[in-house]
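So the structure is just underneath, and the comments pick up after that.
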Amino acid sequence: MPTSINQESVISPSKMKQKQRSRGSQIPRIPSSPRDRKTTSNAAAAASPTSIRPSQKDEARSPRASSRRHSATSPRSASPAVHKTTSPKHEAKTNKEKEEDESQTDLLQQMLSSLREPDPSLKALLDVLTDPSSTHHRRVNACGAIKTLTLEKSNQITLVRTAGVVSSLTTVLCTVGATEEERTRCINALMQLCIPEENWKMVFFFPNTAEALARNMADKYPQIRYAACLSTSFLAKRNRKEMVSNRILMYAIARVIEVDRHGHLEKKTAKEKKVLMAARMCTLKMLLHLSKNKDVSPKLAKAESITTALVTVANRMEKEANILCAAILTNLTRHPDNLSHLMFKVPNLASIFVAQVEGSDLECAKCALYALQNLSCDSNCRQELANTANLLGSITKAAFKHDYPEHQLSALYTLKNLSDDPFNLVTMTNTPGCTATLLALANDSGNGMAQYLACDTLATLSHWLLTLSARKNAKVGNERDGKIEMGRRTFETSTWQMWN
């Protein structure tokens, strides 16, 4: 049966869209989730940059909301990146380190590009050193010839600025299969090149210099170890930051310091023992030089291998070495940023200082007292120091030594700093002789500064006692029901059924 379609019943597409819109407006809409709204807004923004998002209508109604959403610090700002707030000091430090790295890179490139080419005879010697197919005798002879050239002072600056000389020496020193004779001649040649002051910066900038020095400082032959330590001490005068930042070098220096940790020196001959002790003295003098620099001190204090080695060998070496070790540790306490790290991250450091104060060496005792005085300036270290075994007792004895004014004043300064912490009140008053020593010095008018420090310490301790005993309002027994102020002295006597 044919079906006829009336033209009036036919709906055009435009009318169909209008009808759907009218139906949609009558049906209540389900609110979309925040995630859907965010996705829709992002898609709309990507499709038409000039389109207006729904959130902009609210912003037009509320100017305050608009300013908040478009502020630079708002998490809903246009940039999706998360910016971490850093202090200006930290940013300046980071920028300074970047600039130093860039300057060093530029200097290294400039240095390598300015090297002159060696003459044919010298180039032949350098080729023998770097050629693995060269025989042992040829390589030894080439090492000896270069060493002879470096003995001339007029050649030392020129050879460093000649391409291939320093790099060839360090290549032999880094080679595992190199013999003792080859390493001995090469390290002596390198040591001669490190003597002129003009070469200190340039020699250290060669790529394999630090590795070569570290390897040979750990060599089992004493002469090679001593030459490597002496070369490193020369280069440390101009490359402080770079040397302290090199972990391999710091580890090698620590092993040189701990040469007698397991009785290793007892197995050596008298001559070898003397050379190994000289190498240790050389590294200690180098560390003393590094510890005197303010910029290098924080990195050196955080070098775990160095601080552990110094604490391990302290008070166990010869007198000169013990003094250098105490001076290094004291210099590390001069930087305020090192105090907490040294106190809590370096085991037994305070105990070492106590042993030095009680020891017979006056120079070590003075260094230890200065170090304890610096450590007591940090409020975080005071309780730990006061609770260290025999620390308060040894400082109290040092405070009563009138024959050594520097020791006495440093000890009194330490007691004064420790008394600033109220938690040290009980510890200090329970220490035998501490209060008596302070009272005796407070009544001694012979030394004005010592008397002042003793009085100041007693005043601080009495302040904490008064603070503990004071109460805003305290109720007294059945006889008197009033409220009295306990912060003042009343000088009233208490009796028990006394007759008038």
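The values are calculated or read from the model by the stated rules, or taken from the named source; none is laboratory data. In this text the structure is predicted, and so the values were computed from the model without any measurement. For neighbour counting, all protein chains shown are included, and Cβ atoms are generated from backbone atoms with ideal geometry for every residue, glycine included. These accessible areas exclude ligands, DNA and RNA; they are computed on the full protein's heavy atoms, side chains included. Shrake-Rupley method; radii C 1.70, N 1.55, O 1.52, S 1.80 Å.
Whole Å is fine, so just give me how far the alpha carbon centre of the stretch 221-250 lies from that of the stretch 419-446. Centre-to-centre distance over Cα atoms comes out at 46 Å.
Of the three principal axes defined by the Cα atoms of the stretch 200-286, the extents in descending order read 38, 21, 19 Å. Per the Debye formula with a single identical scatterer at each Cα and no solvent contribution, what log10 I(q)/I(0) holds for the stretch 152-311 at q = 0.19 Å⁻¹? Debye intensities relative to I(0), on a log10 scale: -1.21.
To one decimal place, what orientation-averaged projected area in nm² is obtained for the convex hull of the Cα set of the stretch 276-325?
Numbers: hull surface 13.3 nm².
Here the figure is 3.3 nm², rounded to one decimal.
Assuming 1.002 mPa s and 20 °C, estimate D for the stretch 317-412 with Stokes-Einstein, Rh taken as the Kirkwood radius over Cα pairs, in µm²/s. Show your work: numbers first, answer last.
Values: Rh = 13.2 Å.
In µm²/s, the coefficient rounds to 162.
Taking a cut-off of 12 Å, what percent of all Cα-Cα pairs in the stretch 121-177 are separated by more than that?
Working: 1037 of 1596 pairs.
It works out to 65 percent of all Cα pairs.
Convex hull volume per residue, computed on the Cα atoms of the stretch 158-236, equals 75 Å³.
Averaged per residue, the stretch 254-370 has 47 square angstrom of accessible surface, using a 1.4 angstrom probe with ligands and nucleic acids left out. Note on exposure: 402, 341 ranked by accessible area (1.4 Å probe, complete protein assembly) read 402, 341, with the most exposed listed first.
Using a Förster radius of 25 Å, what is the FRET efficiency between residue 447 and residue 362 based on their Cβ-Cβ separation? Nearest 0.05, please. Write out the running numbers ahead of the final one.
Values: r = 19 Å, r/R0 = 0.75.
Computed FRET efficiency for residue 447 and residue 362 comes out at 0.85.
Distance distribution note for the stretch 361-430: the fraction of Cα pairs above 19 angstrom is 24%.
Sorting 202, 243, 277 by accessible area puts them as 277, 202, 243; the probe is 1.4 Å, largest comes first, and only protein heavy atoms count. For the stretch 379-426, the solvent-accessible area with a 1.4 angstrom probe is 45 square angstrom per residue.
In the stretch 168-236, carbon and sulfur make up what percent of the accessible area (probe 1.4 Å)?
Ligands and nucleic acids excluded, carbon and sulfur reach 52 percent.
Computed with every protein chain present, the accessible area of residue 215 is close to 110 Å² [probe 1.4 Å].
Calculated from the alpha-carbon coordinates, the stretch 278-374 shows an Rg and a Dmax of 12.0, 33 Å respectively.
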